[in-house]
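One structure is given here, and the rest of the page talks about it.
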């Protein structure tokens, strides 16, 4: 990663934190294969989700998913994760056993089907509506005690951000004020998720689309992320620091042997150019992740 190659290359943690959170959850969304049903209670809907999930993974013993980030700061980055089916508390789940260094196993585990089942079980309301042309249940979770217990939401708890100071991370100690999950009523799929952080006035939106079925498992081939309110958390000083960091990195590259310099430029230049575009346009809160390969068993 950039920090490994350039120890002096620093960027504002507030900027990277939000972007990493978006990328992190989007990439792991490939394993979201939950389901739902007619105006049920939270417990009934959660049970139906759990039952459908068992059916979805019935034919799967081992799953490998490769994601490619196609928009956002980490544009072009690919991540591959391998899951195996294991029995836990009387139910089968897909558990990560191998990932690359970009995302941590715990983060991927924290946002697979199990956490959404528990969210729905703790829902405060379930309402029918239409969302992006789909007939869905809008499930709202606003139980402070439950939300405070959610784990795996700190984007800096990642190998690529080990050196960042958590005190500078605006998401590190934040608990969502509410979580909204849109569940397709007929196809029983997760269509969208929203995390609302009231204190910071930040909303993180995820939209899952282009589902494909692989050996019975519905996989959202496209995940789009939009962080609303991020720009208000990034000061002009933060932006200036980011630009200065890019200048310093370019200066460090110029001092390297030509072959090494060109090799590193090929690896990181697209991300740096995209970051510069995002800084100039203010479009810093959006990302898109596509599944490029699915291997079952």
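The values are calculated or read from the model by the stated rules, or taken from the named source; none is laboratory data. Given the structure is predicted, the values throughout are model-derived calculations rather than measurements. Cβ placement follows ideal geometry from the backbone for every residue including glycine, while neighbour counts extend to all protein chains displayed.
This table checks each residue for (1) part of a loop (DSSP other than H, G, I, E, B); (2) modelled with pLDDT of 85 or more; (3) surrounded by 14 or more Cβ atoms within 10 Å (Cβ to Cβ).
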| position | (1), (2), (3) |
| --- | --- |
| 140 | no, yes, yes |
| 145 | no, yes, no |
| 151 | yes, no, no |
| 157 | yes, no, yes |
| 164 | yes, no, yes |
| 196 | no, yes, yes |
| 204 | no, yes, yes |
| 207 | no, yes, yes |
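Hey, residue 265 hits all of (1) in contact with a helix residue (DSSP H, G or I) (Cβ under 7 Å, 6 or more places away or on another chain); (2) crowded, with 17+ Cβ neighbours inside 10 Å; (3) at pLDDT below 80 but one; which does it fall short on?
(2) is the only condition that residue 265 fails.
Just to be sure before I move on: is residue 69 at pLDDT below 90, touching a helix residue (DSSP H, G or I) at 6+ places or on another chain (Cβ under 8 Å) and surrounded by 14 or more Cβ atoms within 10 Å (Cβ to Cβ) in the structure I sent?
When the stated conditions are applied, residue 69 passes them.
Being at pLDDT 80 or above and surrounded by fewer than 16 Cβ atoms within 10 Å (Cβ to Cβ) is the filter here, so list the residues in the range 222-246 that pass it. It would help to see each step written out before you state the result.
Taking the range 222-246 and keeping what is at pLDDT 80 or above, we get 222-229, 244.
Answer for the range 222-246, where residues must be at pLDDT 80 or above and surrounded by fewer than 16 Cβ atoms within 10 Å (Cβ to Cβ): 228, 229, 244.
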